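Shown next, in structure tokens, is the structure this report addresses.
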Amino acid sequence: MASATKFSAIASRALSSRRLSSSASSLAAEVPSAPLDLADTRRLFASVPTSALVRSLATLSALAAAPLVDLGTAALRASTAAKERNLLRAAVFATARATVHRHFCAGEGVEEAARTVREMWAGARLRSILDYGMEDADDGTACDRNLAGFLRAVEMASSLPIASASVCVKITAICPISLLERVSDQLRWEQRDPSFPLPWRTNSFPVLCRSSPLYLTPREPEPLSEVEEDGLQLALQRLSTICQRCVEANTPLLIDAEYSSVQPAIDYFTYKAMQEFNRSEQPIVYGTIQTYLRDAKERMVSVVEAAEEEGFSLGVKLVRGAYLTRETKSSSSMGAPSPLHASIQETHECFDSCASFMMERVSRRPGAVVLATHNVQSGQAAATKAEELRIGKDDQKLQFAQLMGMADGLSLALKNAGFQVSKYVPFGPVEQVIPYLLRRAEENRGFLSTSSADRKFIRKELLRRLVAAMARRT
């Protein structure tokens, strides 16, 4: 099948790369005329109670304090590692539940999460991307248990107001980590040596490109055993089951990107699902591109061209990335260059150029893009680009997204401007979503410290409300 499909001719890729570069320049040039209003905090936070603003300000301020973050992450890690339940462990989890879990998560159970989603939809018409907070399964039993949880999330989404929710899934929750690492090694070696046989591979969709780092697979891997191939087929069937339920419920499914040691396998799962289920103009399955990776642009162009040749609609979620510490440590331990851009500015530029390219593509072809960004400048630029391209604000081709509990000012400004906006909404017991909470506190510490814009907007609105309240009393 690999020889039958011709992906990404050199001339076509070069042309696409030039369009990508010009898109970036165009997007950056349009920022001053952006249609977003973040100055009017009264309108911005009209649907948010004062108590919620106070709680958000307190949490974000605490997370911007490095010593407090260090203490909190150490306590969470120690409590998670403790095999016995004790008073200290209970106290740490109770504190996390009342603070970071309450701020970043929709609740511990399905009913609580559904109530949170309904409240966001009723109050501000913000959509939700439901994340059943499971990842890093060790064996098939854990994968099957997680599958049941994801199916409950799909069922919950289908019971909510129409178009108010979608669902996301982590492939590491439905396929054992060790198997994903083995499959990723095979795919990386095939990129290095195209003659390397992969008898289990049923398509030649590009998951890597010429600029992709291959240091994680320094030597030729052993072929997958019969047991491993059977496990791979079971994992693919778990994903197919979720996708089929999403098709039946007309609920979009966003597949998260994760860390480099398993990402090639995740992309293989993702594109295989897209080929099977994205057969209408509006995709059901979305993959994720992390633009802090240096090969992000080239991989994205290859994927777009391949989808067009295969004749299915491409769903792409663009993010900056959330595994900075892990990626840096991994490459450093192997004496390899970092797979990440050298600076945050290069990451911003990569995100903006990819966003502009994808918007131009979906404005005239089947497909859709979700721009998951907390960066105000990126949001402003993308909003202006969307207006220039005449992408309808109620069009499902373009959606913005931010994490629950972060960049609320940007979310509300985009929504007030008429765009489709979702909040990424994890849910599950504290001990289950600790990996997610630790990433929010540790991996993105530098990002959290830049939540100063959020804190500034909230302080401004709280002061306005205080002055207004005092004026009413006089």
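In the chain, taking the dipole from charged Cβ atoms about the Cα centre, the farthest positive-side position among Ala124, His348, Ile177 is held by Ala124.
In whole percent, what relative contact order does the chain give with Cα contacts below 8 Å and a gap of six or more residues? The value is 25 percent. Considering only trypsin sites (Lys or Arg not before Pro) in DSSP loops that have at most 12 other Cβ atoms within 10 Å, the longest stretch of the chain without any of them is 220-389.
For the pairs Lys297/Lys456; Lys329/Lys460; Lys297/Lys460; Lys385/Lys423, flag any whose C-alpha to C-alpha distance is greater than 31 Å. Mind dumping the intermediate values first?
Values: Lys297/Lys456 33 Å; Lys329/Lys460 39 Å; Lys297/Lys460 38 Å; Lys385/Lys423 22 Å.
Over 31 Å Cα-Cα: Lys297/Lys456; Lys329/Lys460; Lys297/Lys460.
The H on the amide N of Ala401, modeled in the peptide plane, is under 5 Å from the matching H of Leu371, Ala372, Thr373, Ser422, each at least 5 residues off or on a different chain.
Calculated over the stretch 302-390, the projected area of the Cα convex hull averaged across directions stands at 6.9 nm². Evaluated with a Cβ-only charge set (Lys, Arg +1; Asp, Glu -1), the stretch 365-474 carries a dipole of roughly 520 debye about its Cα centre, given to the nearest 20.
Classify the stretch 322-474 from the C-alpha gyration tensor, please: rounded if a/c falls under 1.5, else prolate or oblate depending on whether a/b exceeds b/c. Oblate. Could you work out the percent of alpha carbon pairs in the chain separated by over 32 Å, rounded to a whole number? Of all Cα-Cα distances in the chain, 39 percent exceed 32 Å. Annotation: for a label point projected 7 angstrom from Cα along Cα→Cβ of Glu220, no residues of the stretch 173-189 have a backbone N closer than 11 Å.
Once each of the GluC sites (Glu not before Pro) sitting in a DSSP loop with at most 15 other beta-carbon atoms within 10 Å is removed, the chain keeps 85-280 as its longest stretch.
Overall, the anisotropy analysis places the stretch 222-345 in the oblate class: the square-rooted eigenvalues a ≥ b ≥ c of its C-alpha gyration tensor yield a/c not less than 1.5, with a/b not exceeding b/c. Relative contact order of the stretch 339-395, taken over Cα pairs closer than 8 Å and 6 or more residues apart, is 37 percent.
Read-outs: derived from the displayed coordinates by stated rules, not from any lab. These figures come from a predicted structure and were not determined experimentally. Don't worry about glycine lacking a Cβ; one is built from the backbone with ideal geometry, like all the others, and counts go over all protein chains shown.
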